[in-house]
Structure formats: structure tokens, C-alpha cells
Amino acid sequence: MVVERVLAGRRAPEVETVAPGDALGRVLACEIRADRDYPPFDRSVRDGFAVRAEDLPGPLRIVGEVRAGQVYPGEVGAGEAVETMTGAPVPKGADCVVMVEHTASEGGRVTVDRAYQAGDHISPRGAECRAGDVLMRAGVRVGYAGVALMASVGMREATVYRRPRVAIVATGDEIVADGVEPAAHQIRNSNSHSLAAQVRLAGGEPEILPVAPDELDATAALIERGLEADLLLLSGGVSAGRYDFVEQALEWVGAEFYFDRVLIQPGQPLVFGRARGKFFFGLPGNPASTMVCFEVFARAAVELIGGMGEAELDLAEAALAVDFRHRAGLTRFLPAVLSEGGITPVKWAGSGDIAAQARANCLMVADPERPEYRRGERISVLLRR
């Protein structure tokens, strides 16, 4: 992807130290290493009896019990069994754990009706990792499992990258400010809020700036203000209309443009470049186009500027629940619902249809060279995060 190549030489963001619980959703700036072997002992993974495999099948004498958090003080000898709970250390002398479901107990003895192999139902010491192993590398986002991992290895603090600040500027005389009742010829500012939500999901800190009117000087002034952030997102004003001033305003501040059009729908007019050492995107103004172009292009920039090692589209495949046709020539990212029955396109009225995007739970990706798909055939899906 062009965006990832351009950002390859980016400067690493600043770092800060947080408690493990506050690292959720943050990008690691340090490695997480195992402080000891895991598990730190041979661990029973079933409720049952710790025994010697060579004694099975047959009757055994129950000589004790061990549960999680305890250690059996003795050793399992020939013809003996120790009742063992899930998570408990396996007693010395035993080499397998018999599931309680495979036994019958009576009068201090247990009978096992089948053979076992050494190692059955035991998680041996170090099976998960060895002391010093790298468990998570820098440049990955911390999820709930990562928080659990930090707690399990005894970390009291983690070094993470600072969240990138992302300035958001919607453009257009037709947009009214929040709290203002729009006239019949006006619309409310949905793009700034959808972009702010997408920025948060990508790990950034959004800053919504005032709406830029269709005036060159005012647009340039807001662009200059937006370039104080780590990344600038503009929506609208990048088409070929007489009052589309965004590209001209960007030129005023010395912008370098990497591309200004992409062959996708929705969202063909799309500007990406750099000005005064900061990257920017000029996204199309129709709401669906704004959302799609962020997911396909700008999300990667937020993630990479925020310290992620790599940024890839979350693509999968699914079988179509219905026949589907589209006009060839462009890659189309269309609202759809993914369920157990497959993927179904959502009926939509074009790139201004916010309701269709809200009804969808993914985007169906139609191949530009394939105009027709049959029910049951597989198609690419861009999953929502």
C-alpha cells in the first residue's frame, strides 16, 4: 500500500509508561518477556487421579489428594493413585492423569478401565514458554489477552506509544455546526463525528476543528491549525467543483501530494500527502465515502503513526447468500451483513446513505474485473473493528 510505503520512514512517536490495565488498546513500545517457565510445574489439566501409566488398566490404592495451590508431599508408587484437581501440580512418580469419568472409586481404591500413555492430561513445565522468551513484541496493540499476559508475568507497568493526535476538519457551506437546526438546503456535520469514532478505534486521539466554509483563506487557516496535530483529516472539497478549495489551500501551505484519486467506490476523489512534516488526507465528502476511505487508507496512517509495526486491511472471505451483480471497473466496498447464512448486501441509496452503513456489519469487496457473482460463491469481506 502506498500509505504504508510513504510512512515507512516515519519518526517513532513518544512513549509513556502506564499500568497494565491502562494499556488496553495501546501500542506496545517494549517487549513482554516470560519471568519464568509457564506453566512453572507439571500441571494437571483434568480432575481425576495422578498415576503411573504402566499400572493401567486395573485397580489402584488412593494414597492422598492434591488440589490447585497445593503440593503433594509424597511420591506416587506402584499401584498407587493421588486424587488430583485441575490446575494442581502433578505429584512426583506420576506420569499421567486419569480423568475421573474413566474411573470407579470405592473403599479407598479406584479402578481404571482403560490404558493411558505417559503425559496424558498433563501440561508439562515450560510447555507454554520458557523463562526469558519474548511473548509480545513492540509495535502490536494490547488486547484483553495482552493485559492478562502482563499480569501473569508480574509486570507492574508497561511502556506504550503515545496516542497520535488527529485533527478533523469537515468542509462545506452546507454543513451546520452541532446544535444548529439545519435549513432545508443544509445538513448536519456527521463526517467529523464518524471520523472521530474511527480514529478512536484505530488508537488515535481525535480533535474536531470548526467546519471550513467554501472560502480559500478560511480553509487554508484551518489546515494550518490542523497541521499542528500528528495527522490531519479533511472531508469534502476534494472534487473538481468550482468551490472545492481543499487542494488549492493545501498547495498554499506547501503540500506534497502522493495521490489524488483512487479507483474505488465509494470514494474516488481522495488526496494523500504531507505538509510541514505532517501527513494529511483529503477525504471525499459523502458520508459513506468518508467512512470507507478512512478504513481502507487513513486507518493505516493512524496505526503506523501511533507505533504499530504494520497495518493491514482486516480482510476475510465469505459465501454469498444471494446472487450479486455490480458494474465492473472499480473495486467496490459495499455495505453488507455477515451472518451464519453467509454475506448479504445491504440495500443502499448511494454514498450519502448513512443508514445503510449503520445497518451493515461489514463491507463486501467486489472485484473490479468480475461483474457477477452467484449465490454460494465466495467474495472478499472487509471486517469492521
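What the table below lists for this structure:
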| quantity | calculated |
| --- | --- |
| Single match in V147, V169 (criterion: under 19 Å from the mean Cα position of the chain (by Cα) and β-branched (V, I, T)) | V147 |
| Counted residues, the stretch 187-222 - those being outside any loop (DSSP other than H, G, I, E, B) and touching an Asp or Glu at 6+ places or on another chain (Cβ under 6 Å) | 1 |
| Output for the stretch 310-331, where each listed residue is within 17 Å of R374 (Cβ to Cβ) and not aromatic (F, W, Y) | E317, A318, A319, L320, A321, V322, D323, R325, H326, A328 |
| Complete set of residues in the stretch 220-258 that are under 17 Å from C293 (Cα atoms) and modelled with pLDDT of 95 or more | L231, L232, L233, L234 |
| Unique match (being surrounded by 15 or more Cβ atoms within 10 Å (Cβ to Cβ) and in the same structural domain as A298 (by TED's automatic domain parsing)) among G139, G146, G204, G179 | G204 |
| The stretch 338-354: number of residues that are exposed (fewer than 13 other Cβ atoms within 10 Å of the Cβ) and either charged (D, E, K, R) or in contact with a Phe, Trp or Tyr (Cβ under 9 Å, 6 or more places away or on another chain) (or both) | 2 |
| Qualifying residue in the stretch 163-179 (condition: in a loop (DSSP other than H, G, I, E, B), among the aliphatic types (A, V, I, L, M) and over 28 Å from L304 (Cα atoms)) | yes |
| Number of positions in the stretch 360-378 that are assigned to a strand (DSSP E or B), without any contact (Cβ under 8 Å) to a residue 60 or more places away in the chain and surrounded by 13 or more Cβ atoms within 10 Å (Cβ to Cβ) | 5 |
| Qualifying residue in the stretch 295-316 (condition: buried (at least 19 other Cβ atoms within 10 Å of the Cβ), assigned to a strand (DSSP E or B) and in contact with a Leu (Cβ under 6 Å, 6 or more places away or on another chain)) | no |
| Checking D120 against (1) closer than 21 Å to G154 by Cβ; (2) surrounded by fewer than 19 Cβ atoms within 10 Å (Cβ to Cβ), the condition it does not meet | (1) |
| Residues (in contact with a strand residue (DSSP E or B) (Cβ under 8 Å, 6 or more places away or on another chain) and under 30 Å from A138 (Cβ atoms)) located in the stretch 309-341 | L313, D314, L315, A316 |
| The one condition in (1) modelled with pLDDT of 95 or more; (2) in contact with a His (Cβ under 9 Å, 6 or more places away or on another chain) that D113 fails to fulfil | (1) |
| Qualifying residue in the stretch 229-242 (condition: within 18 Å of G172 (Cα to Cα), assigned to a loop (DSSP other than H, G, I, E, B), in contact with an Asp or Glu (Cβ under 9 Å, 6 or more places away or on another chain) and in contact (Cβ under 8 Å) with a residue 60 or more places away in the chain) | yes |
| Within the stretch 20-44, considering residues that are in a loop (DSSP other than H, G, I, E, B) and over 21 Å from the mean Cα position of the chain (by Cα), the one nearest to G307 (Cα to Cα) | A34 |
| For R67: the one exception among (1) within 16 Å of A138 (Cα to Cα); (2) free of Cβ contacts under 8 Å to residues at least 40 places away in the same chain; (3) touching a Ser or Thr at 6+ places or on another chain (Cβ under 9 Å) | (1) |
| Options F294, F279: the member that is modelled with pLDDT of 90 or more and closer than 23 Å to R188 by Cα | F294 |
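The values are calculated or read from the model by the stated rules, or taken from the named source; none is laboratory data. Nothing here was measured: the structure is a model prediction, and the numbers come from that model. Glycine gets a Cβ as well: all are built from the backbone with ideal geometry, and neighbour counts include every protein chain shown.
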